[in-house]
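Undergrad: The structure's right below; bear with me while I get my questions together.
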Amino acid sequence: MHLRKFGEVLTDMERRGIRVDARDYLATVETQAREDRAMHVEAFRKWAYKMIGPDGLALNPASSNQLSVFLFGGSLNEKTKAKTESVRVFKTPREEIPDDAMEVYKQRDSQKEKQTSCNSEEGERLPDEFDAMKVNDLKLLCKERGLKVSGKKNELQERLRGHFLASGQDSSFAKQDDFDTMADDELREVCISRGLPMDGNRKSLLERIRQDISFTLELLSSNNDSSADGYKTVTAALEAAAASDGGVLKDIMDNLRAKSQEEPKFVDVTVTSLGMSPTKFTAGGAPSVTADVLRALAGDPFAEPPKYGTVRLHHLFYICVLYMNRSCIT
């Protein structure tokens, strides 16, 4: 509707003898406006980066929700009297994240990995492939390796870690299904050698032996070297087993590698509040971030004489930039 009326104004002007250079002048103005807006967004994000870190580079000035948390988070909702969030994570599509923000995120993640590596030297276990596996994958692996399938996720993980660590040291651990081929008397001898009761039928003997093996493997995993060398041992054991045995393990390892190389579809942008005091509220009672609110915060510092708004001086320029950008958007 507004575009049609604007077009009518232009044609009326030309009918009255006023030349309208819509093709060149207006196109140039539009191009300049887009460049100015991009410049304003960049300046605002760089300031936000100084205030809240890498997530500031990914802030979306067109998002009222993000701006509300960034500027006024922690204030009271006017209707509910509940505190608004002072920190909020926004799941943002990757295509909306600027490249410079992604680069800073990668650097931050790299630093976290180095810190994690340092922590592992102090006794903390590094994440490994089992942490990325789903419960169904863990159960399939346990079944394929002849291990006890029941238990919580962390128990399955420890059982498998112990199994593959033991497999790397002793090839006799490579497969536990050999018990199925044993005679009952042989199973009883295994129970005696492991200090287990030898009574019961074949099913109970197999279950008893496998439960004892599961316990041994979980104990081995929990007492394994938790340093970076220990992590490489688990990874090397998995890769070696996948290469030699194939099967379920190879499929799972291939899927994990493929996922690790994929670019994430969404990025978590954590917005932290500057703690400003809101001056206007939405119908739902949340702090408003409309252009008139930002204008009140910024004032008009470029006027003669300057008229300063309610925001602190060191925020002033960037709130002005934000207001100019939001005025174009809204």
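Undergrad: Of (1) part of a helix (DSSP H, G or I); (2) modelled with pLDDT of 85 or more; (3) more than 28 Å from the chain's Cα centre (by Cα); (4) not small (G, A, S), H163 satisfies all except one. Which?
TA: That leaves (2) as the condition not met.
Undergrad: Right, here's the next one. In the range 29-66, which residues are among the hydrophobic types (A, V, I, L, M, F, W, C), part of a helix (DSSP H, G or I) and touching a Lys or Arg at 6+ places or on another chain (Cβ under 8 Å)? Working first, answer last.
TA: Pass one, the range 29-66, residues among the hydrophobic types (A, V, I, L, M, F, W, C): 29, 33, 38-39, 41, 43-44, 47-48, 51-52, 57-59, 62.
From the residues that got through so far, the ones that are part of a helix (DSSP H, G or I) too are 29, 33, 38-39, 41, 43-44, 47-48, 51-52, 57-58.
L57, A58, listed by residue number.
Undergrad: Here is a follow-up. E78: part of a helix (DSSP H, G or I) and out of contact with any helix residue (DSSP H, G or I) (no Cβ under 7 Å at 6 or more places or on another chain), yes or no? Working first, answer last.
TA: Working: part of a helix (DSSP H, G or I): no; out of contact with any helix residue (DSSP H, G or I) (no Cβ under 7 Å at 6 or more places or on another chain): yes.
So E78 fails the test.
Undergrad: Could I ask something else about it? Given (1) modelled with pLDDT of 85 or more; (2) assigned to a loop (DSSP other than H, G, I, E, B); (3) at negative phi, identify the lone condition not met by D254.
TA: So the condition that D254 fails would be (2).
Undergrad: Further question on the same structure: Answer with yes or no whether L217 is assigned to a helix (DSSP H, G or I), surrounded by 18 or more Cβ atoms within 10 Å (Cβ to Cβ) and at pLDDT below 75. Walk me through how you get there before you give the answer.
TA: Details: assigned to a helix (DSSP H, G or I): yes; surrounded by 18 or more Cβ atoms within 10 Å (Cβ to Cβ): yes; at pLDDT below 75: yes.
For L217, the condition - assigned to a helix (DSSP H, G or I), surrounded by 18 or more Cβ atoms within 10 Å (Cβ to Cβ) and at pLDDT below 75 - is met.
Undergrad: Further, regarding this structure: From the list L71, L76, L26, exactly one residue is in contact with a Ser or Thr (Cβ under 8 Å, 6 or more places away or on another chain) and free of Cβ contacts under 8 Å to residues at least 40 places away in the same chain. Which is it? Let's see the steps before the verdict.
TA: Numbers: L71 fails: free of Cβ contacts under 8 Å to residues at least 40 places away in the same chain; L26 fails: in contact with a Ser or Thr (Cβ under 8 Å, 6 or more places away or on another chain).
When all the criteria are applied, what remains is L76.
A quick yes/no check of all residues on (1) under 18 Å from I97 (Cβ atoms); (2) surrounded by 19 or more Cβ atoms within 10 Å (Cβ to Cβ); (3) at pLDDT 80 or above:
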position: I18; (1), (2), (3): no, no, yes
position: D21; (1), (2), (3): no, no, no
position: L26; (1), (2), (3): no, no, no
position: T31; (1), (2), (3): no, no, yes
position: R45; (1), (2), (3): yes, yes, yes
position: A48; (1), (2), (3): yes, yes, yes
position: L59; (1), (2), (3): yes, yes, yes
position: N65; (1), (2), (3): yes, no, yes
position: L71; (1), (2), (3): no, yes, yes
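Residue-by-condition table, conditions (1) in the same structural domain as T290 (by TED's automatic domain parsing); (2) of a type outside the set (A, V, I, L, M, F, W, C):
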{"residue": "R37", "(1), (2)": "yes, yes"}
{"residue": "A43", "(1), (2)": "yes, no"}
{"residue": "A62", "(1), (2)": "yes, no"}
{"residue": "Q66", "(1), (2)": "yes, yes"}
{"residue": "R94", "(1), (2)": "no, yes"}
{"residue": "E103", "(1), (2)": "no, yes"}
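The values are calculated or read from the model by the stated rules, or taken from the named source; none is laboratory data. Since this is a predicted model, take the numbers as computed values, not measurements. Quick reminder, even Gly has a Cβ in these numbers, built from the backbone with ideal geometry, and neighbours come from all protein chains shown.
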